[in-house]
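The structure under discussion appears below in the form of structure tokens.
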Amino acid sequence: MSRSLYEIFNGLKIDICNDEISNIENYFELLDKGFKNQSEYTKDKKLVELNNLAYSQNEFKTFESYLKSSKEGNSCAQNNLGYCYQYGIGIEKDDKEAFKYYLKAAKGGSSDAENNLGDCYKNGIGISKDENKAFEWYAKAAKGGNSDAENNLSICYINGIGTEINLEKAIYWCNKAAENGNGASQYSLGVCYEIGIVVKKDEDKTLEWNAKEGNTIEIKKDLEKAMYWYNKAAESGNEIAQYKLGKCYEFGDGIDKDEKKAFEIMKQLAEKGYPDAQITLGNYYTNGIGTEINKVKAFELYNMAAGKDHKAQFYLGKCYERGNGVDIDKEKAFEIMKQLADKGYPDAQFTLGYYHTIGVGTEINKVKAFDLYKLAAENGYKDAQHELGVCYELGEGVDKDEEKAFEIMNQLAEKGYPDAQFTLGHYYSYGIGTEIDELKAFKLYEKAAEKDHKKAQFNLGKCYERGNGVNKDEERAFEIVKELFEEGYPDAQITLGNYYSYGIGTEINKIKAFELYNKAAVENDHKDAKYRLGICYELGEGVDKDEKKAFEIMKQLAEKGYLDAQITLGYYYTNGIGTEINKVKAFESYKTASEGGCSDTQYKLGISYELGEGVDKDEKKAFEIMNQLAEKGYLNARFTLGHYYSYGIGTKINKAKAFGLYKMAAENGYDDAQYSLGICYELGDGVDIDEKKAFEINKDLVEKGYLDAQYQLGYYYNYGIGTDVNKEKAFELYILASERGCRAAQYDLGVLYEKGEGVEKDLKKAFYWFNKAAENGDYISQHDIGKYYEFGIVVNKDSAKAFDFYKKSAENGYLQANFQLGYCYVNGIGVEVNKEKGLELYDIAAEKNYLIENIDLDKVNYWYHEAAEINNKSALYKLGTFYELGIGVKGNFIRAFAFYKESADQGYVKAQYKLGYCYDKGIGTDINNEKAINLYMIASENGNVKAQKRLAFYYEQGIKIEKNLEKAAYWYKMAYQKLNKHF
């Protein structure tokens, strides 16, 4: 039927709402059986009655009995004799003799015979076809109260047989027949009440018939009346009505749903040989409707009906395809579908296309599949039209044409086809054959969802989750997915698990998440769910942590080709999760996954070649892989390739190319690349130095919460790179980065606390952060922790611990720690004295520092050697100066203070002054005015001019000491005299 507002039906226009049309098509198919085929049903019923007579065991005797009675003028016997001649019961079939006896019986007043004469004239049985006379005989019989004739008269008025179409009279006679117990009319009336009809006069015809309201006859939709008449028809033995009643019980249409009752009705009809019931009963056994699932019985029923109905043959083919109730025989399934397809059945044409698509019972042939979909589509099969669109979308069996696919889906969607509405939504979501339009996608998902399209409902939930085409509403997303889960939709199980896992639209509940993943994995063998289950066991989320169990799950999934599991298995082998570390197996896992074209695993493969993990180190191979991935636009690879160019890994150093790759990745939002870009601007690698640009980049990254940028921005504030020095802001940023585990920030934070820059000086907190950084592997912090133990700063002095930390720092690559380690050996600090070992370490420190441009390193090494001698006070002073000013070594006030003190204790005057200055200014120690003045005094008395001048100034100004101009003048004079001696 067409989908116009007024449906053409038997020459009349019927006003029908568009949203009811798809259901009405099915109803009209049944209605057609009711109005046009019920006369056949009535004849069959009469024959049954004849055969149930006492003489039915012997058809010839039955015939002889009717013949004898007819000669005696019995009109009923004459009518029955006509039946015998018409259907060859006890006598050779003879339509003319049948007509003759019907005529005799009719003249004798038999209304059944009058009705049968109507059939003869209508169908040309034993007489020339004459619809006018057929109408006359039906009318005569109907007036005599014959319900079969009343039904047939109704059909005449509907179809204009021997009379003009008159729907009012058609309905009148249909009602009359129904009230007189005619099952056919009762059924037809039930259909009318079920769908509700409004019939309008066709303006293109000159029909003259009257209606109660102008030119309209209406039977209002009334499911209660529909069910009343279906029940009446069923009680009258009308098998079509009984079948319909069974379907009503199955779906709960107009009556309480009762699948067991539906099953009982279909079983009774199937036993009587009713093909539709046999097929439906087969479906009930297949799906467990009103009974337990029994695929064998289903197969038997389909096989029983196969000789009468192509649908049964179709289901039979599906049984062979799936092995339902019979051994799988895909070749047999293919043969059945091909035979049906060759006969023009669209559903078989579509299924045969599917067989060619995936290779069921035949080789894959996408071209043949396309041709079959096209054929079925031309026959109005919507699933085929949809599949045709998919073929154009994917270019399967036909040239790829996304715009054509879009057109097909658009046309089907406009006709209300849910699958097309869903697919069209998908096209709008991803810009297939059209521009991306998330709002239109959402609306289409919504339309299909209203028709109970589960995938559309699921996508609708995802739209609410992500805010695609609708305001983001995670709670609504949760509700939709939860409802789908409760209805048994498989994908909803894992998604609901994710919602519980990450707190989307609900509170985080790892236990529920685990239960849902487990349910989906066990009940539906859902691979994604199994994967998530493995992650739960790995992390101990919602279940006791069990890394071995996680490993087993990933191993099983990886062996089945599940890509994410292959990647994760490689990670497990790399890090020893649930198994021993095995870099070779990790490499093999990554290699297997990479063969499927997975960029992530190809990237990991490149890293394995770079580091030589699980495979021979091959930096050139690593470079080739990264280069290929970078050309495909893979961001990780672009960044890593930039790193390779920066450091000459597998290629020559090329800072300009490195900068270009970092820039490309950074423009695509890759934070690591943006960070590296900032470093390039800071150092002028591959681009002109631009500290302000470096500062801006890191400032932007900090706002995104990027950890390394928090430290780097703090560093820029600390040293005034691209901005003014701001120790307070440096401190704030170091705190943020330190709390997130950044060891460089932890070290620098310790330095700020140690120096009292940007924060109040606090050596305990300095020690705390140095210790944190040391635990995280920072070798400078390990060295500085050694310093705190060596001198007993805020901790108990512990030379052995100091030595251990210096040793750890040196072993981890901090070259200057070798100086301190050597000093420990020379002086027996935390270890037995071993001057030779100490001097050797001094030399090692100096030799290894060839990587660092440091012209003063040899001086440092020299004075360390000198300090090892017996008379070493000047060497110790010199070393103090190096550490105070950061000459040749990293500046270290505490170390400087220690050397000054050791030298001063040996009476070295310059060291006495410097030690006083340290106490005066708090360099490497707490400020102590008393000690500062005492040391200035000692150094002054020993002739140190700097000490004399500072002491004179303090007396003059009353700084740290009581004001005394006389003493000030004295020390100015002593300093003046000392200076004059040099001239």
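What are the principal axis extents of the Cα atoms in segment 606-716, in Å, biggest first?
41, 27, 25
By per-residue mean of other Cβ atoms within 10 Å, what is the highest-first order of 708-717, 173-182, 617-626, 574-583?
The peptides rank, most packed first, as 708-717, 173-182, 617-626, 574-583.
Full-extension gain between residue 545 and residue 624, please, as 0.36 nm times their residue separation minus the C-alpha to C-alpha distance. Write down the numbers at each step before the final one.
Details: separation 79, 0.36 × 79 = 28.44 nm, distance 3.95 nm.
Extra length available between residue 545 and residue 624 comes to 24.5 nm.
How would you order 183-195, 371-383, 925-937 from highest to lowest mean count of nearby Cβ atoms within 10 Å?
Values: 183-195: 28.2, 371-383: 20.1, 925-937: 17.4.
Final packing ranking: 183-195, 371-383, 925-937.
Is the C-alpha gyration tensor of segment 79-140 telling us rounded, prolate or oblate? Criteria: a/c under 1.5 is rounded; beyond that, a/b larger than b/c is prolate, otherwise oblate. Don't skip to the answer; put the middle values down first.
Values: a/c = 2.52, a/b = 1.38, b/c = 1.83.
Verdict is oblate for segment 79-140.
Out of the GluC sites (Glu not before Pro) in segment 490-578, which ones are loop residues according to DSSP with at most 13 other C-beta atoms within 10 Å? Walk me through the intermediate numbers first.
On the way: sites: 507, 515, 523, 538, 541, 547, 552, 559; in loops: 507, 541.
Within segment 490-578, the qualifying GluC sites (Glu not before Pro) (loop, at most 13 other Cβ atoms within 10 Å) are 507.
Which pairs, out of 549/591; 755/787; 366/440; 482/519; 443/472, put more than 25 Å between their alpha-carbon atoms?
366/440
So what's the angle, to the nearest 10 degrees on a 0 to 90 scale, between helix 763-775 and the longest Cα principal axis of the chain?
Approximately 60 degrees, to the nearest ten.
Please give the helix 295-305 orientation as an angle from the longest Cα principal axis of the chain, in degrees from 0 to 90, rounded to the nearest 10.
Taking Cα atoms only, the helix is inclined about 40 degrees.
Going toward the positive end of the dipole of the chain, with +1 on Lys and Arg Cβ and -1 on Asp and Glu Cβ, which of 388, 718, 498 do you reach last?
Ranked along the dipole, the leading option is 718.
Mind jotting down the distance between the C-alpha centroids of segment 374-392 and segment 137-169, whole Å?
First find each Cα centre; the distance between them is then 42 Å.
Along its principal axes, what span do the Cα atoms of segment 350-396 show, with the longest given first and each in whole Å?
Extents along the principal axes, in whole Å: 26, 20, 12.
What full-extension length gain, to one decimal in nm, is calculated for residue 655 and residue 94 as 0.36 nm per residue of separation minus the Cα-Cα distance?
Values: separation 561, 0.36 × 561 = 201.96 nm, distance 10.52 nm.
Contour length minus the Cα-Cα distance gives 191.4 nm.
Considering the dipole of the chain built from charges on the beta carbon (Lys and Arg +1, Asp and Glu -1) around the Cα centre, which of 241, 113, 670 is farthest to its positive end?
670
Using a ≥ b ≥ c from the Cα gyration tensor of segment 555-619 (square roots of the eigenvalues), is it rounded, prolate or oblate, where a/c under 1.5 gives rounded and otherwise the larger of a/b and b/c decides, a/b for prolate?
Numbers: a/c = 2.33, a/b = 1.19, b/c = 1.96.
Cα axes put segment 555-619 in the oblate bin.
Quick check on the chain: helices-only [θ] at 222 nm, where DSSP H runs of length 4 and up contribute -39,500 (n - 2.57) each and the sum goes over total residues. Nearest 500, please. Don't jump to the answer; show the numbers that get you there.
Values: 52 runs with 681 residues, N = 983.
Here the helix-only value at 222 nm equals -22000 deg cm²/dmol.
Enter the angle in degrees (range 0 to 90, nearest 10) between the Cα long axis of helix 75-87 and the first principal axis of the Cα atoms of the chain, meaning the one along which they spread out most.
Helix 75-87 and the main axis of the chain meet at about 60 degrees.
Going down the table (560/621; 368/632; 772/960; 447/560), which pairs top 32 Å between alpha carbons?
Details: 560/621 29 Å; 368/632 35 Å; 772/960 38 Å; 447/560 38 Å.
Beyond 32 Å: 368/632; 772/960; 447/560.
Under a point-charge model restricted to the Cβ atoms of Lys and Arg (+1) and Asp and Glu (-1), what is the dipole moment magnitude of the chain relative to its Cα centre, in debye to the nearest 20? Working shown, then result.
Working: 129 positive and 158 negative charges, 467 e Å.
With only Lys, Arg, Asp and Glu charged at Cβ, the dipole is about 2240 debye.
What percentage of the solvent-accessible surface of the chain, computed with a 1.4 Å probe over protein heavy atoms, is contributed by carbon and sulfur atoms?
Heavy-atom surface of the chain belonging to carbon and sulfur, 1.4 Å probe: 46 percent.
Please work out the Cα center distance from segment 535-562 to segment 719-755, rounded to the nearest Å.
What the calculation gives is 41 Å, centre to centre.
Which whole-number value in Å² is the accessible area per residue of the chain, probe 1.4 Å?
49 Å²
Could you tell me which of 923, 270, 340 has its Cα farthest along the dipole of the chain towards the positive end, charges placed at Cβ (Lys, Arg +1; Asp, Glu -1), taken about the Cα centre?
The Cα lying farthest towards the positive end belongs to 923.
Can you figure out the FRET efficiency of residue 595 with residue 220, using R₀ = 51 Å and their beta-carbon distance, to the nearest 0.05?
Working: r = 67 Å, r/R0 = 1.31.
Efficiency at R0 = 51 Å is approximately 0.15.
Looking at (i) 30.8; (ii) 29.7; (iii) 38.6, which value of Kirkwood radius over Cα pairs in Å comes from a calculation on the structure shown?
Answer label, from the structure shown: (iii).
Where the Cα atoms of segment 919-977 are projected onto their three principal axes, how long is each span, largest first, in whole Å?
Here the spans come out as 33, 22, 12 Å, largest first.
Taking the Cα centre of segment 633-750 as the origin, how large is its charge dipole in debye, to the nearest 20, when only Lys and Arg (+1) and Asp and Glu (-1) carry charge on their Cβ atoms?
420 debye
The values are calculated or read from the model by the stated rules, or taken from the named source; none is laboratory data. These numbers were taken from a predicted model, which means no experiment stands behind them. Please note: Cβ atoms are built from the backbone with ideal geometry, for glycine as well, and neighbour counts cover all protein chains shown. Ligands, DNA and RNA are stripped out before the accessible areas are found, and what is left, the full protein with its side chains, is counted by its heavy atoms. Shrake-Rupley method; radii C 1.70, N 1.55, O 1.52, S 1.80 Å.
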